[in-house]
Amino acid sequence: YDFEVPVRKKRKEKKSETITLEIGQKVRYVFFSNITFEGIDENGDVILKDKSGNIKKVSKSLFQKYVEI
């Protein structure tokens, strides 16, 4: 899945670029870290899973706005 998201190159420097997320890739969403990207459902929502196995669905636009790699 291709997304334009902020990618941290150095400690505090962020730059938006288009990258391809793979299922199982770790991301940071809002103030949550160590979240796993699980894919996109049939409604276009992004599926995220935390380390406890809890599933959360968020809209694609919110995901692109608040995710960091």
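Per-structure values
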read-out: Residue 56 paired with residue 33, simple spin-label distance in nm, labels 7 Å along Cα-to-beta-carbon; value: 1.5 nm
read-out: Sequence ranges 63-69, 48-54, 31-37, ranked by mean other-Cβ count within 10 angstrom, highest first; value: 63-69, 31-37, 48-54
read-out: Overall Cα dimensions of region 19-69 - principal axes, largest extent first, Å; value: 24, 20, 18
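All of the numbers you see were taken from the coordinates with simple rules; none came from a lab. These figures come from a predicted structure and were not determined experimentally. Ideal geometry is used to build each Cβ from the backbone, glycine not excepted, and the neighbour counts take in all protein chains shown.
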